[in-house]
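The structure appears right after this line, and notes come after that.
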Amino acid sequence: MIPPAITLLDGGMGRELHRIGAPFRQPEWSALALMDGPQYVEQVHAAYIAAGADVITSNSYAVVPYHIGEERFAARGQELADLAGQLGRRAIAAGGRPVRLAGSIPPVFGSYRPDLFRAEDADRILRPLVSGLTPHVDLWLAETQGSVAEAEAARRAIGMEDPRPFWLSFTVGDEDPAAIAAGTATPGLRSGETVRAAAEAALRLKATVLLFNCSHADVMAATVREARAVFGTAPAADRPQLGVYANAFEPQEQTEEANEAISTLRRDFGPQDYLRAARHWQAAGATVIGGCCGVGPDTIAVLAAALKP
């Protein structure tokens, strides 16, 4: 049997900006390059396009008060989201082949912190992000969502009536990836909600792709299988595709926050190791595959060569 065609995503933005010498510091993270060195953002996009990505993601993840502060967000949030969209489109135009731009809708109170979620403030923060990105993106990507409530807020801000595809990506707990990979522990969202709840939310919110991202590679295959089992009971026309883009971090404690500091990368996880993990995700049912934090263009190039005809 011929495996389904793979849609290839890009990799992480913040780490790659840091690696190539772009303006980068805490707490602004990848948003600092939008403000002080936008040419670096375009350079990273171009590298992922050259590596073979079918979809690149706007550098709007850190355009939230958590990273740039309330005052600067109020003054420049929509402008910076618009710039992130422009830079993505510019890189695609220069790349010379069809590539789609995903509009990144982040968790607005910090990654891995669904406990801080406040619906009333989320709506206020998400509206300018959506407005700024709207003229530029081909699809929406609500990513690193730690809870169903976060995902619902992202969908609410975009609007159910928006005709573009809605991709929804949750981050899952990875304190003990070996136990999850072995089947002695069950994967779940960082909020404590089940993968079943995430899959049911994807159906309810009309997601065309359900992904899992910014988690240890070893928890992903089991997570995809659980979601696939839920989708198996839904009408075929309603079933989202499944996807994965893992990070290259060591397992993260529940109290840690992504992008709070420069997290430690795994030393045993080069491009060929990532490819081996991706083949497990593909076997579990993933047809959209890419990389998250710590996964760069070299890895995306290896995935493109191995997974795409």
Check your understanding: Any idea which of Leu133, Leu139, Leu129 is surrounded by fewer than 21 Cβ atoms within 10 Å (Cβ to Cβ) and closer than 20 Å to Val63 by Cα?
Key -> Leu139
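Of all residues in the stretch 262-272, count the ones that are among the aromatic types (Phe, Trp, Tyr) and assigned to a strand (DSSP E or B). Quick ask: steps written out before the conclusion?
At the first step, the residues of the stretch 262-272 found to be among the aromatic types (Phe, Trp, Tyr) are 269.
Within this subset, residues satisfying the condition of being assigned to a strand (DSSP E or B) are none.
Here the count works out to 0.
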Check your understanding: Which of the residues that make up the stretch 207-250 are aliphatic (A, V, I, L, M), at pLDDT below 95 and in contact with a strand residue (DSSP E or B) (Cβ under 9 Å, 6 or more places away or on another chain)?
Key -> Ala248
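To keep it simple, each residue is scored yes or no on (1) in contact with a Gly (Cβ under 7 Å, 6 or more places away or on another chain); (2) farther than 30 Å from Thr194 by Cβ; (3) not in a loop (DSSP other than H, G, I, E, B).
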site	(1), (2), (3)
Val63	yes, yes, no
Phe73	no, yes, yes
Arg76	no, yes, yes
Ala84	no, yes, yes
Phe109	no, no, no
Arg124	no, no, yes
Gly132	yes, yes, yes
Trp140	yes, no, yes
Review point. For the stretch 9-25, which residues satisfy the criterion of being under 20 Å from the mean Cα position of the chain (by Cα) and of a type outside the set (A, V, I, L, M, F, W, C)?
Key: Asp10, Gly11, Gly12, Gly14, Arg15, Glu16, His18, Arg19
Check your understanding: Do we have any residue at all in the stretch 79-100 that's among the polar types (S, T, N, Q) and farther than 20 Å from Gly296 by Cβ?
Key -> yes
**Study point:** Subset of the stretch 16-61 (residues that are among the small types (Gly, Ala, Ser) and surrounded by fewer than 24 Cβ atoms within 10 Å (Cβ to Cβ))
**Key:** Gly21, Ala22, Gly37, Ala46, Ala47, Ala50, Ala51, Gly52
Review point. Looking at the stretch 1-24, which of its residues are in a loop (DSSP other than H, G, I, E, B) and either of a type in the set (A, V, I, L, M, F, W, C) or modelled with pLDDT under 95 (or both)?
Key: Met1, Ile2, Pro3, Pro4, Ala5, Ile6, Met13, Ala22, Phe24
Revision key, fill the gap. Residue pairs qualifying under the 9 Å Cβ cut-off, at least six apart or on distinct chains, with the first in the stretch 157-184 being in contact (Cβ under 8 Å) with a residue 60 or more places away in the chain and the second being assigned to a strand (DSSP E or B) and among the hydroxyl-bearing types (Ser, Thr, Tyr), are Ser169/Thr144; Ser169/Tyr245; Thr171/Thr144
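When only residues in the stretch 111-122 that are in a helix (DSSP H, G or I) and not hydrophobic (A, V, I, L, M, F, W, C) count, which is surrounded by the most Cβ atoms within 10 Å (Cβ to Cβ)? Steps first, answer last, please.
To start, the set of residues in the stretch 111-122 that are in a helix (DSSP H, G or I) comprises 114-116, 119-122.
Within this subset, residues satisfying the condition of being not hydrophobic (A, V, I, L, M, F, W, C) are 114-115, 120-121.
Working: Pro114: 22, Asp115: 13, Glu120: 7, Asp121: 14.
If we take residues in the stretch 111-122 being in a helix (DSSP H, G or I) and not hydrophobic (A, V, I, L, M, F, W, C), then Pro114 is surrounded by the most Cβ atoms within 10 Å (Cβ to Cβ).
Please specify each residue of the stretch 224-248 satisfying the condition of being β-branched (Val, Ile, Thr) and either surrounded by fewer than 24 Cβ atoms within 10 Å (Cβ to Cβ) or over 19 Å from the mean Cα position of the chain (by Cα) (or both).
Step one: filter the stretch 224-248 for residues β-branched (Val, Ile, Thr), giving 224, 230, 233, 244.
Of everything in the stretch 224-248, those that are β-branched (Val, Ile, Thr) and either surrounded by fewer than 24 Cβ atoms within 10 Å (Cβ to Cβ) or over 19 Å from the mean Cα position of the chain (by Cα) (or both) turn out to be Val230, Thr233.
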**Study point:** Residues located in the stretch 273-309, provided they are in a helix (DSSP H, G or I), farther than 26 Å from Ala199 by Cα and not aliphatic (A, V, I, L, M)
**Key:** Asp273, Pro297, Asp298, Thr299
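Could you identify the single residue in Arg225, Arg190, Arg204, Arg196 that is in contact (Cβ under 8 Å) with a residue 40 or more places away in the chain, of a type in the set (D, E, K, R) and more than 21 Å from Gly12 (Cβ to Cβ)? Quick ask: steps written out before the conclusion?
Details: Arg190 fails: more than 21 Å from Gly12 (Cβ to Cβ); Arg204 fails: in contact (Cβ under 8 Å) with a residue 40 or more places away in the chain; Arg196 fails: in contact (Cβ under 8 Å) with a residue 40 or more places away in the chain.
Every option except Arg225 fails the conditions.
Quick one: count up the residues across the stretch 86-107 that are part of a helix (DSSP H, G or I) and either touching a His at 6+ places or on another chain (Cβ under 7 Å) or in contact (Cβ under 8 Å) with a residue 60 or more places away in the chain (or both). Explain how you work it out, then say what you get.
Taking the stretch 86-107 as the starting set, the residues that turn out to be part of a helix (DSSP H, G or I) are 86-95.
Filter again for either touching a His at 6+ places or on another chain (Cβ under 7 Å) or in contact (Cβ under 8 Å) with a residue 60 or more places away in the chain (or both), leaving 86-89, 91.
Result for the stretch 86-107: 5.
The values are calculated or read from the model by the stated rules, or taken from the named source; none is laboratory data. Please read all numbers here as calculations on a predicted model, not as lab measurements. Reconstructed Cβ throughout: ideal geometry from the backbone, glycine too, with neighbour counts over all protein chains shown.
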